[in-house]
Structure formats: C-alpha cells, structure tokens
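To start, the structure under review is shown below, and the notes come after it.
The values are calculated or read from the model by the stated rules, or taken from the named source; none is laboratory data. Everything numeric in this text was worked out from a predicted model, so none of it was measured. Methodologically, a virtual Cβ is constructed for each residue, glycine included, from the backbone with ideal geometry; neighbour enumeration extends over all protein chains shown. Heavy atoms of the whole protein, side chains included, go into the accessibility calculation; ligands, DNA and RNA do not. Shrake-Rupley method; radii C 1.70, N 1.55, O 1.52, S 1.80 Å.
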Amino acid sequence: MKKDEQFLLWFDELERDDVSIVGGKSSSLGEMTSKTDVPVPYGYATTAYAYRYFLDKNGLRGRIKEALAELTDVEDSALLRTVCEKIRAMIVAEKMPEELEKAIKEAYGTLSRKVGQDEPFVAVRSSATAEDLPDASFAGQQDTFLNVKGGDMVVEKVKQCYASCFTDRAVYYREKQGFDHTQVELSAAIQMMVFSEASGVMFTLNVTNGHDDVVFIEASYGLGEYVVQGNVTPDNYQVSKANRGIIVRDVYSQEVMLVRKPDGDCEEMPVPVEKRDRAVLNDRQILELAEYALRIENHYGCYMDMEWGIDERDGKIWILQARPETVWSKKKKAANIAAGNYTVLCKGMPASPGAVSGKAHVIKDVSNIDDFRDGEILVTEMTAPDWVPAMKKARAIVTNSGGMTCHASIVSRELGIPCVVGTKSRGIAAMDVIKDGMEISVDATNGVVYEGLIEFSKKEEARETAGTVQTVAAETFPVTGTKIYMNLGDPDLAERYASLPCDGIGLMREEFIWTTYIHEHPLYLIKTGHPEKVVDMLSDGIRKVCQAMSPRPVTLRFSDFKSSEYRDLTGGDEFEPEEPSALLGWRGASRYYDPKYIEGFKLECQAVRRVREDYGLKNLNVMIPFCRTVDECKKVISIMEEEGLRRGADFKVWLMAEIPANIILADLFNDYVDGYSIGSNDLTMLTLGCDRDNDTVSPIFDERNLAVKRFVRKLIDTAHKAGKTVSICGQAPSVYPEFAEFLVRSGIDSLSVNPDMVKQTKKNIAQVEQRMMMDALTGRGRVLDTDIDW
C-alpha cells in the first residue's frame with residue numbers, strides 16, 4: 001500500500017519529502033530517525049489521509065466551510081474567536097471512525113512492545129502539511145499534548161490535534177499568508193515521552209543578529225514548553241562552530257518549571273531553591289547539544305531550529321523536534337536615536353530590532369486582547385499563540401518574561417515588529433513601571449524602553465524641506481591606505497562625531513564612564529551588593545558608541561585608573577593603597593589578575609560581553625593597557641576567556657604599547673594579541689626616563705626623540721612579520737605633522753586622533769601617501785630619516 005493511503009507510518013518509514021503525507025514536524029522526526037545518528041524518541045505518525053478520512057466520515061468538510069464563510073473580517077478578534085471555537089467544537093464532538101481508532105490503538109500497543117514498557121507515556125504533537133517549510137514557518141500554530149498515557153487517551157488527543165488546525169492563531173496565519181484552509185491537513189506524531197529534567201531550544205545561528213558562526217542554546221528546568229511560551233527566562237549558551245568552544249554562558253534565575261505528573265498531564269512546580277541560580281547545563285551537555293545541532297544542520301543543509309530534552313532517568317539527551325529556521329537577519333541596523341534626557345523605564349533583550357514610539361497598552365490576560373487597537377505598544381507578561389491577532393496590530397511588543405526564542409521573539413521577528421523581552425531578568429519588569437496609556441519609546445535594537453515620545457530617525461543624505469527635497473552637499477575626503485581612527489571618552493558625544501570621516505574608534509577611554517556615571521569603586525559596589533551597576537552603566541555607555549559607529553570598529557581600552565584616581569571614587573579608600581608613584585604603580589593589567597581586584601575586572605568583561613552578545617554589537621574590540629610582562633598578558637587573556645571573551649575573527653584584543661618591554665618583547669607578546677596601539681605619552685616618558693607631569697623636565701619630553709622613533713619603527717617591523725597591526729593613539733600625530741609623516745613612511749597601519757583633528761589628519765595623511773607614490777614612480781623623492789636603514 002502506498003504511503004499516502006495508510007492511516008499511520010512509523011518514524012523509520014518517513015523522510016523529509018513526506019511533508020504532504022505527515023506534515024513538517026512528523027516528516028522531520030522521520031528523517032532524523034531513519035537517516036541520522038542523532039537520538040530521537042521513537043514513535044509513529046497519523047497521516048493526512050487519516051485526517052481526511054476523519055473529516056469525510058463525519059461529514060465535517062461542508063460544515064467547516066460554512067463556518068469559515070462567517071469570518072468576514074479576520075482582524076475582528078471577537079469574530080475570529082467565535083468562528084474558530086465553533087469549528088473546534090464540531091470536530092471534538094465527533095467520534096473517531098472505528099477503523100482509524102483501531103489503527104491508532106494497535107500502533108500504541110506495538111510501540112509499548114517495541115520499547116518494553118506497558119502503556120508508555122507519550123507526547124502527541126500536531127504536524128501540519130504546510131508547517132515548518134523553509135518559506136512558511138510560524139510559532140505554535142497547532143497544539144501539543146504531553147505525558148499522555150493509554151490507547152483511549154491517545155485517540156482523544158489525536159482528535160484534539162485535528163481540532164487545533166482551527167485555533168485562532170492558525171486560521172489568522174493562513175488568512176494572512178494566503179493558504180487555503182482546505183489544503184492544510186493534520187498529522188499527529190505520537191512520540192515516546194522524555195521525562196525532561198531540563199529542556200529547551202537551540203538554533204544553528206544567533207537568532208538575535210543572524211551571525212551563523214555559533215550554536216545558540218536556551219535551557220530551562222523541566223519540560224520545554226515554558227521556554228517556548230516565555231514563562232521563564234532561560235539560560236543562554238553559545239558555542240563557536242569553529243573551535244567548539246563555549247563562548248557565552250548567561251545564567252538566569254528560574255523560579256518555576258513545568259513537570260510531568262506521575263499519572264499523566266503536567267503541572268507547574270517551584271524550582272528547588274538550590275537550583276534556581278545554578279546553570280541548567282554543564283559543559284559536557286552544552287557541547288553534546290552543539291554537536292547534535294551541527295550534525296542536523298549538516299544533514300539538512302540549512303540553518304535549523306531544534307527542541308531538546310534531557311531525561312531525568314538516565315541523563316540522556318534527546319532531540320524532540322527539528323525544522324528549518326526561517327526568520328533572521330544577518331545585519332542589524334542600529335537605530336539612530338536622540339534620547340537626550342529621556343528616562344529609561346526598563347531594559348530587556350533585543351528580540352526583534354527596530355525603534356518606535358507610541359501609547360502603551362498593558363494587557364494582563366488574553367481575554368482582554370479585543371480591546372487592543374492598531375498602532376498601540378503591547379506590554380504584557382508574555383505572549384502565547386492566542387495573542388497573534390493582537391500582536392499583528394502592535395507597533396511594538398514589550399514583555400516581562402521570555403528569551404530570544406520565546407513565542408513573542410519568534411513571532412515579532414516574522415511580523416517585523418520591534419520587540420523587547422525578558423525585562424524582569426534585567427532588574428525591572430516592564431509591567432511594574434509602564435502604565436496603561438503611557439507614552440513610551442521602544443528601542444528594540446538595543447533592548448531599551450524610554451518614557452516619553454522620542455523621534456527616531458535614520459541618517460539621510462537628502463533632507464525634506466518645505467515639501468521639496470534639498471540635497472545637502474557633503475564635504476569630501478580622500479581615501480587613505482592608512483586608517484584614521486578617533487579617540488573618544490564621552491559616550492554621549494558618539495552620535496555627534498559619528499559623521500566624521502574616521503574609520504572607527506581607535507581608543508575609547510572607559511574611565512570617563514566611571515567618573516561621570518558610575519562614581520563608585522567597583523569593589524565597593526560588589527561589597528554593598530550592587531555589582532550590576534557596573535555592568536549596566538558600562539555596557540550602556542559602550543553600547544552608545546558602538547551603535548553610533550556601527551559597522552565601523554570600536555576599540556575599548558579596559559580601565560587604566562591609577563590607585564590615586566580609583567581612591568577618588570566613592571568607597572575607594574578601603575581598597576586602594578597609598579603609593580609613592582601611582583603613575584608607575586598598581587595600574588592597568590597588573591590589577592586585572594590580582595586577587596584583590598580580579599572580581600572588579602570580571603565586571604568589565606561582563607559589560608563587554610553584554611554589548612557584543614545581548615545587543616549584538618560585534619564591532620566592539622578591546623585593548624589591554626600598561627601590561628608589563630608577557631606572563632601578565634597571558635593571565636589577563638585567560639581571565640577574559642573564562643568570562644566568555646575569546647579572540648576570534650570578529651573579536652580582536654589589542655595591547656597598548658607604552659612600555660619599552662612591550663616593544664623589546666613584541667615577538668613574544670604577538671602570541672597573545674592581534675595588534676598594538678602605541679601610547680606615545682607613556683612610551684616617551686619611560687624611554688627617556690622623564691616624568692611627563694614634571695614641569696622641571698618637560699622640555700626634555702618629546703615624542704620625536706630618536707630613541708622613541710626607533711622603538712616605534714622596531715615595533716612596526718616586529719608586528720608586521722607576525723601579521724599583527726600597529727596603531728597609535730597618543731597626541732603626537734595631531735601635534736606634529738612631521739611625526740605623522742614618519743609614522744606613515746614607517747608603515748604604521750592606522751592613527752587614532754582626537755575628534756577635532758580627524759579631518760585635517762585625513763588630508764595630511766593622504767598627502768603623505770600621494771607623495772610616497774610619486775617618489776616611488778619618479779625615483780626622485782627626498783631622503784628622510786625614515787628611509788635610512790637603522
């Protein structure tokens with residue numbers, strides 16, 4: 001008998017091409033069972049033929065068609081609900097045809113014998129014939145039933161799966177996507193139940209930004225439905241595809257979980273206190289899941305969206321579902337916001353990018369969605385499939401709970417609606433601060449909600465004035481082979497300076513954020529129980545700069561306060577020593593691995609990771625200042641890696657070359673960094689033995705001194721031999737044009753100057769490069785000291 005003429009088929013009889021027979025979910029389970037070596041709970045699937053048989057035997061087709069004819073306006077939530085309830089009631093009221101009921105029960109008995117269990121618990125999952133296709137995917141259209149036991153109950157749940165073909169969200173989706181209701185048919189996958197002590201979802205790309213170099217895993221305790229529904233904020237882990245290393249490990253407190261009852265069905269239970277703040281997965285489990293994900297991606301040949309569970313009985317990992325991932329973007333466009341002094345109400349995860357303003361409509365229960373109006377901003381605990389009609393009308397969505405793969409995240413990305421989720425996990429729940437009717441602004445590109453209406457705009461070359469288009473003449477600058485970066489301290493100035501013709505930020509000074517916004521010593525904040533203030537404020541300031549400059553790179557220099565400057569921060573007296581020469585004392589890298597300060601440095605790393613991972617701003621790189629020895633550099637790099645910051649193709653670690661040892665031992669430092677940025681002030685001071693802050697010897701202090709220039713030239717040569725780059729972020733190139741020329745002729749890769757010197761430096765460097773080309777062509781160039789073999 002042909003496949004499409006049978007009531008049911010076993011998983012190992014199915015493959016991915018059987019979507020028209022058993023739907024996307026069931027065919028994928030069959031494909032993995034029959035053609036891969038990933039562990040999939042065994043089972044069988046009723047067919048589309050069985051679904052048609054059920055409808056025809058009970059005379060349901062005509063009655064369903066008549067009911068759907070009553071749906072004159074799919075945007076009318078009340079009418080949609082009434083029609084769909086009527087259709088579902090029709091289906092559930094009918095008996096399962098005798099032949100079909102017998103086949104389902106006999107297969108359940110066979111499954112019992114195959115697995116060696118009397119009346120095993122199973123999951124009954126809906127699988128639609130138009131579901132999970134590469135060009136048509138939607139979260140949670142039909143129903144799934146967990147922890148089902150006994151043949152009679154399986155038959156009943158199959159019938160309920162059939163009815164779920166006509167949930168509000170499924171009908172709404174088909175109407176909007178142009179699917180013929182009569183052409184979408186249901187299969188039910190009856191699959192061995194995994195007694196999940198932990199479960200979740202995973203993707204073979206970062207769903208927040210489309211970067212495909214990682215496996216993205218979300219995990220919670222208990223059954224996985226709470227992750228999809230957004231009832232919990234799951235842990236987030238990311239594994240590099242290149243080296244199979246864990247690069248992100250974000251652990252969130254989880255207070256509730258969905259668990260199975262011993263006799264069937266499920267219930268919510270509190271997570272044991274000792275587990276709430278503990279990572280759900282260990283490293284072995286994370287890497288095993290990532291390996292399965294990559295096997296599945298390799299088999300299917302596309303990005304994949306998967307669900308998984310870990311069985312409490314033996315700790316085995318099972319893949320419960322797999323389908324093509326359909327909604328993601330490889331490039332996020334950062335919103336250009338003029339936030340000014342607007343109050344931040346709350347922050348969350350940037351689930352779907354965009355920036356809008358409008359009136360908030362707070363809804364606590366789905367029964368109230370009929371009151372929701374077009375263009376309002378939906379604020380709620382978490383959406384579920386029944387919320388889709390309201391979500392379609394929303395200008396933006398903000399939720400208390402959820403992660404990057406919850407229902408609200410997935411649906412908002414498909415609908416193209418800005419969405420911020422999981423605000424509760426970031427300290428302030430949206431529903432606690434946003435009142436119904438309040439005017440708010442949602443920057444979902446960065447996960448921030450502001451009070452008041454902000455005018456979000458995109459940078460344009462043409463501006464509309466008095467009904468006509470006025471073309472703004474742009475100042476032009478020559479292209480230079482030597483990159484011109486900009487130094488920056490105040491994050492609030494980033495937007496203003498973003499239009500300058502620079503290639504990025506070569507030096508972002510972290511100290512400004514400490515003195516202007518944080519004010520308190522990091523160890524004092526840890527002691528008083530507020531370490532999150534460091535991470536929140538640092539990441540917010542860094543975010544502003546990275547957002548304004550994107551996609552141009554930003555290099556953040558980790559904190560380089562001297563002990564005397566740290567002491568000026570609130571609470572600093574308790575933690576800082578009295579040093580006779582703070583300039584040459586406990587500063588820069590020497591603090592980061594010191595047991596007395598290491599926890600403070602970890603907060604800096606966490607802020608960097610938040611900007612890169614949560615905000616998706618991968619243009620952020622870092623620089624280590626005042627690093628005296630190679631071993632010191634090695635220790636700092638190790639701590640960074642432990643905190644999830646690993647050097648790679650899109651994350652560079654630079655070293656400030658400001659100590660003679662950095663240059664003398666550059667061949668050894670090369671093993672740990674991607675390049676150098678010369679700090680000409682400290683390098684000159686330490687080369688000449690001349691205190692730059694001492695007016696008595698200030699006439700001796702000169703970056704143009706031959707000794708300094710020889711050090712610079714040596715560093716460029718040593719770095720370039722190892723494929724490393726060299727920049728400079730001191731003042732010398734801005735103050736002395738001849739020094740800038742020396743640098744270019746020596747082969748430096750980039751210069752980083754203050755904002756007011758970007759334009760002039762760009763022009764100066766272009767002239768030098770053009771002169772060098774002319775000299776090379778004519779052979780008549782001037783002989784300069786840079787041309788002499790030292």
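Each Lys and Arg contributes +1 and each Asp and Glu -1, all at the Cβ; summed about the Cα centre of the chain, the dipole is approximately 1420 debye.
Temperature 25 °C, viscosity 0.890 mPa s: under these conditions the Stokes-Einstein estimate for region 182-334, based on its Kirkwood radius over C-alpha pairs, is 151 µm² per second. Separation of region 345-399 from region 143-181 is 25 Å, based on Cα centroids. Using Cβ point charges alone (K and R +1, D and E -1), the dipole size of region 662-713 about the Cα centre works out to roughly 280 debye. Normalising by residue count, region 524-626 has a Cα convex hull of 99 Å³ per residue.
In order along region 299-312, the phi-based Karplus estimate (6.51 cos²θ - 1.76 cosθ + 1.60, θ = phi - 60°) of 3J(HN,Hα) comes to 5, 7, x, 7, 5, 10, 10, 10, 10, 9, x, 10, 6, 5 Hz; Gly and Pro are listed as x.
Given the Cα-Cα distance of F701 and E255 and 0.36 nm per residue of separation, how much length would full extension add, in nm? It would help to have the intermediate numbers written out before the result.
Values: separation 446, 0.36 × 446 = 160.56 nm, distance 6.09 nm.
Extending this stretch completely gives an extra 154.5 nm.
The protection proxy used here, the mean number of other Cβ atoms lying within 10 Å of each residue, ranks peptides 393-403, 596-606, 765-775 as follows, highest first: 393-403, 596-606, 765-775. The mean sequence distance of close C-alpha pairs (under 8 Å, at least 6 residues apart), as a share of the length of the chain, puts its relative contact order at 9 percent.
For region 203-328, calculate the relative contact order in percent as a whole number, restricting contacts to Cα pairs under 8 Å that are 6 or more residues apart. List each step's numbers first, then the result.
Numbers: 225 pairs, mean separation 28.1, N = 126.
That works out to 22 percent.
Spatially, region 707-786 and region 1-65 are offset by 69 Å when compared through their Cα centroids. R0 = 51 Å: FRET efficiency of L583 with K435, Cβ-based, nearest 0.05? Computed FRET efficiency for L583 and K435: 0.45.
State in Å² the accessible area per residue of the chain; use a 1.4 Å probe, count heavy atoms of protein chains only, and round to the nearest integer. Could the numbers behind the result be given before it?
Details: 32220 Å² over 790 residues.
Averaged over the residues of the chain, the accessible area is 41 Å².
Looking at M349, A666, T204, which one has the Cα that reaches farthest to the positive end of the dipole of the chain (charges on Cβ: Lys, Arg +1; Asp, Glu -1)? Comparing the listed Cα positions along the dipole, A666 ranks first. Cα-based values for region 651-771, radius of gyration first and Dmax second, are 14.2, 43 Å.
Among DSSP beta bridges whose residues both lie in the chain, state the antiparallel percentage, nearest 5. Write down the numbers at each step before the final one.
Working: 73 of 109 bridges.
For the chain, the DSSP antiparallel bridge percentage is about 65.
Assuming 1.002 mPa s and 20 °C, estimate D for region 465-578 with Stokes-Einstein, Rh taken as the Kirkwood radius over Cα pairs, in µm²/s.
Working: Rh = 16.4 Å.
The diffusion coefficient I find is 131 µm²/s.
Size descriptors for region 369-410: radius of gyration and Dmax over Cα atoms are 9.6, 27 Å. Projecting label points 7 angstrom from Cα along Cα→Cβ for N243 and E15 puts them 3.9 nm apart.
Summarised as an ellipsoid, region 641-706 has semi-axes of 31, 12, 9 Å, derived from the eigenvalues of the Cα gyration tensor scaled by 5 and square-rooted, with the largest first. Between H181 and K759, the FRET efficiency estimated from the beta carbon spacing at R0 = 60 angstrom works out to 0.45.
Charged neighbours of N662, selected by a Cβ distance under 15 Å, balance to -1 (K, R count +1; D, E count -1).
Which links in K724/K763; K347/K424; K359/K424; K634/K714; K483/K724; K25/K261 stretch past 18 Å when you go from one Cα to the other? Please list the in-between numbers first.
Details: K724/K763 26 Å; K347/K424 8 Å; K359/K424 21 Å; K634/K714 22 Å; K483/K724 15 Å; K25/K261 25 Å.
Pairs exceeding 18 Å: K724/K763; K359/K424; K634/K714; K25/K261.
Nonpolar atom fraction for the chain, defined as the carbon and sulfur part of the 1.4 Å probe accessible area, stands at 48 percent.
Restricting to DSSP H runs of at least four residues, report the calculated mean residue ellipticity at 222 nm for the chain, -39500 (n - 2.57) per run over all residues, nearest 500 deg cm²/dmol.
On the way: 26 runs with 267 residues, N = 790.
Estimated from H runs of four or more residues: -10000 deg cm²/dmol.
For region 138-263, report the translational diffusion coefficient in µm²/s to the nearest whole number, using Stokes-Einstein at 37 °C, 0.692 mPa s, and a Kirkwood Rh over Cα pairs. Kindly include the intermediate steps, with their values, before the conclusion.
Working: Rh = 17.2 Å.
The calculation lands on 191 µm²/s.
Principal axis extents of the C-alpha atoms in region 579-670 (largest first, rounded to whole Å): 41, 30, 18. Using C-alpha pairs under 8 Å with a sequence gap of at least 6, the mean separation divided by the residue count of region 651-702 gives a relative contact order of 34 percent. Sorting the segments 228-240, 641-653 by their mean number of nearby beta carbons within 10 angstrom, highest to lowest, gives 228-240, 641-653.
Over all distinct alpha-carbon pairs, what is the Kirkwood Rh of the chain in angstrom?
Numbers: mean 1/r = 0.0340 Å⁻¹.
Hydrodynamic radius (Kirkwood, Cα pairs) of the chain is 29.4 Å.
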